[in-house]
Amino acid sequence: MIQLTEEMARLINHARDDGYPCIVGTASGDGTPNCGYIGTVLTVGDDRLIYRDRTGRVPLDHIEENPKVIVLFRNTEQDVGWKFRCTAGVYRDGPVFEEMIDLLLESGLIAERHLPDGSQGTIVSLRIDQVLTLFGEVLQERESGLQW
């Protein structure tokens, strides 16, 4: 079972403002890696992270080919951090998309519903399958013995 702690939620939800944005890592179906800083990562409930992708490029292509994603968070000032192994879903419209855009707006992580090009971007929803220390020790698992 995954249950984000209050500390995890607080630090991740304020990561950009604190100067410690999350790093999201993906790999294409053939294993080509990609990663980048994402400033709009928000916790949703006890077991999910979301963010808005503004690019519509490589990370989304990778996620659609291979939904296994890792999110790395580290706050060096507080000497705390975690790795989150996740399974991603991509939403370009519909009720889940609208709900997640509203949550990001309410949180202040995005200021406007539309991007400068008039689009709304894409929502990536990350179901957390494992929470690990930065050294790889498994702290929580959705299912016992989950293999990655």
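Return yes when D47 is open to solvent by 20 Å² or more (accessible area, probe 1.4 Å), acidic (D, E), under 25 Å from Q147 (Cα atoms) and at pLDDT 95 or above and no when it is not. Before you say what the answer is, go through the steps one by one.
Details: open to solvent by 20 Å² or more (accessible area, probe 1.4 Å): yes; acidic (D, E): yes; under 25 Å from Q147 (Cα atoms): yes; at pLDDT 95 or above: yes.
It is true that D47 is open to solvent by 20 Å² or more (accessible area, probe 1.4 Å), acidic (D, E), under 25 Å from Q147 (Cα atoms) and at pLDDT 95 or above.
Taking segment 117-132 as the search range and keeping residues that are under 18 Å from the mean Cα position of the chain (by Cα) and open to solvent by 30 Å² or more (accessible area, probe 1.4 Å), which one is farthest from L72 (Cα to Cα)? Can you show your working first?
Restricting attention to segment 117-132, the residues satisfying the condition of being under 18 Å from the mean Cα position of the chain (by Cα) are 120-132.
Filter again for open to solvent by 30 Å² or more (accessible area, probe 1.4 Å), leaving 120, 127.
Values: Q120: 25, R127: 14 Å.
Among them, the one singled out is Q120.
Looking at (1) in contact with a helix residue (DSSP H, G or I) (Cβ under 7 Å, 6 or more places away or on another chain); (2) hydroxyl-bearing (S, T, Y); (3) more than 15 Å from D129 (Cα to Cα); (4) buried (at least 16 other Cβ atoms within 10 Å of the Cβ), which is the only condition Y20 fails?
(1)
So D102 clears everything in (1) open to solvent by 30 Å² or more (accessible area, probe 1.4 Å); (2) more than 16 Å from the chain's Cα centre (by Cα); (3) closer than 15 Å to D53 by Cβ except one condition, right? Which one?
Against the list (1) open to solvent by 30 Å² or more (accessible area, probe 1.4 Å); (2) more than 16 Å from the chain's Cα centre (by Cα); (3) closer than 15 Å to D53 by Cβ, D102 comes up short only on (3).
Answer yes or no: is there a residue in segment 24-39 that is out of contact with any His (no Cβ under 7 Å at 6 or more places or on another chain), more than 23 Å from E137 (Cα to Cα) and among the hydrophobic types (A, V, I, L, M, F, W, C).
yes
State whether one or more residues within segment 69-84 are small (G, A, S) and more than 22 Å from E6 (Cα to Cα).
First pass over segment 69-84, keeping only residues small (G, A, S): 81.
Next, only the ones that are more than 22 Å from E6 (Cα to Cα) stay: none.
No, segment 69-84 has no match at all.
For segment 95-109, give me each residue that is closer than 12 Å to N13 by Cα and among the hydrophobic types (A, V, I, L, M, F, W, C).
If the condition is that a residue be closer than 12 Å to N13 by Cα and among the hydrophobic types (A, V, I, L, M, F, W, C), then L103, L104, L109 are the ones that fit.
Considering segment 67-92 alone, what residues qualify as being touching a residue at least 24 places away in the same chain (Cβ under 8 Å), of a type outside the set (A, V, I, L, M) and open to solvent by 40 Å² or more (accessible area, probe 1.4 Å)? It would help to see each step written out before you state the result.
Looking only at segment 67-92, we keep the residues that are touching a residue at least 24 places away in the same chain (Cβ under 8 Å), and these are 68-78, 80-92.
Next, from what is left, pick out any that are of a type outside the set (A, V, I, L, M): 68, 73-78, 81-87, 89, 91-92.
Across segment 67-92, the qualifying residues are K68, R74, T76, E77, Q78, K83, R85, Y91, R92.
The values are calculated or read from the model by the stated rules, or taken from the named source; none is laboratory data. Note that this is a predicted model, so its numbers are computed, not measured. Glycine gets a Cβ as well: all are built from the backbone with ideal geometry, and neighbour counts include every protein chain shown. The accessibility values were calculated without ligands, DNA or RNA, using every heavy atom of the protein model including side chains. Shrake-Rupley method; radii C 1.70, N 1.55, O 1.52, S 1.80 Å.
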